[in-house]
Amino acid sequence: MAGLAERTEPPLVEPAILRKAMSKFATGVTVVTAKGPRGWVGMTVNSFSSVSLSPPLVLWSIGRQSTRLPVFKAAEISAVHVLNHRQHDVCMDFTRNAHAFDREGVRINSSGMPEFDGTLARFECRRHAVHDGGDHLIFVAAVTSVTMSDTQPLIFFNGAFGSFEAKHPD
Ligand SMILES: Cc1cc2nc3c(=O)[nH]c(=O)nc-3n(C[C@H](O)[C@H](O)[C@H](O)COP(=O)(O)O)c2cc1C
């Protein structure tokens, strides 16, 4: 198998190129929340994805350099809030400020957890696993409850925010 031994690994793509290519993959936008020693922390996240239906598992990834990492790493309970097309300000606030809860449209529910009025879906989760993901950590969470509404999503594509246009069958 001399040919195989001589084979070299293909070079890996540059981070900036990968970021640009991934921006062509349109996603929804979420805010993930968890409670830390100084109260609730939130973070805008678009790495959210489903993993498994049974058991019900979802994932998201967080940069290892994030100042919010210690809170999310320690949290047993978290919630993923899927933003609607009118919640661009919520999205932007939680990119910059982990504690941007003091706003209209946020309330604390009967379990003592924050909720944003009008979110498309909300997943309450408990910790399942944390995996290495290069310069990120991958959090896998078990979904304990969901709520949903019928508003329109906030979409992130090509570095910009927009809304969704449904194509209906002719
Ligand atoms: C649309 C969008 C999606 C994002 N998704 C993620 C993500 O999935 N994981 C992540 O670690 N940061 C993500 N970020 C960045 C964080 O929201 C936040 O800006 C970053 O964590 C700030 O750094 P800090 O946590 O050190 O304050 C995203 C930002 C935007 C605008």
- Query: For VAL13, are the conditions met, namely being away from the ligand (no atom under 12 Å from the Cβ) and either among the acidic types (Asp, Glu) or more than 28 Å from PHE164 (Cβ to Cβ) (or both)?
  - Reply: yes
- Task: Find all pairs meeting these conditions: Cβ atoms under 8 angstrom apart; at least six residues apart or on different chains; first residue within the stretch 87-105 and more than 16 Å from ASN46 (Cβ to Cβ) and open to solvent by less than 20 Å² (accessible area, probe 1.4 Å); second residue of a type in the set (Lys, Arg) and near the ligand (Cβ under 7 Å from one of its atoms).
- Result: ALA98/ARG68
- Could you grab me the full set of residues in the stretch 59-89 that are within 14 Å of ARG127 (Cα to Cα), assigned to a strand (DSSP E or B), out of contact with any His (no Cβ under 9 Å at 6 or more places or on another chain) and within 14 Å of the ligand (Cβ to nearest atom)? TRP60, SER78, VAL80
- Task: Filter the stretch 42-58 down to the residues that are more than 10 Å from the ligand (Cβ to nearest atom) and crowded, with 16+ Cβ neighbours inside 10 Å, then identify the one that is farthest from GLY134 (Cα to Cα).
- Result: PRO56
- Task: Specify the residue that is nearest to the chain's Cα centre (by Cα); the eligible residues are those in the stretch 14-36 that are exposed (fewer than 10 other Cβ atoms within 10 Å of the Cβ) and in a loop (DSSP other than H, G, I, E, B).
- Result: LYS24
- Candidates GLY39, GLY63, filtered to the one that is in contact (Cβ under 8 Å) with a residue 40 or more places away in the chain, on the phi > 0 side of the Ramachandran plot and open to solvent by less than 70 Å² (accessible area, probe 1.4 Å): GLY39
- Note on the structure: The residue from GLY118, GLY159, GLY134 that alone is touching a residue at least 24 places away in the same chain (Cβ under 8 Å), within 16 Å of the ligand (Cβ to nearest atom) and out of contact with any Phe, Trp or Tyr (no Cβ under 9 Å at 6 or more places or on another chain) is GLY159
- Note on the structure: Scanning the stretch 116-151 for residues that are in contact with a strand residue (DSSP E or B) (Cβ under 6 Å, 6 or more places away or on another chain) and more than 22 Å from LEU59 (Cβ to Cβ), the one surrounded by the most Cβ atoms within 10 Å (Cβ to Cβ) turns out to be THR151
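The values are calculated or read from the model by the stated rules, or taken from the named source; none is laboratory data. As the structure is a computational prediction, the values presented were derived from the model and not from experiment. Note: ideal-geometry Cβ built from the backbone for every residue, glycine included; neighbour counts use all protein chains shown. Side chains included, ligands, DNA and RNA excluded: accessible areas come from the protein's heavy atoms. Shrake-Rupley method; radii C 1.70, N 1.55, O 1.52, S 1.80 Å.
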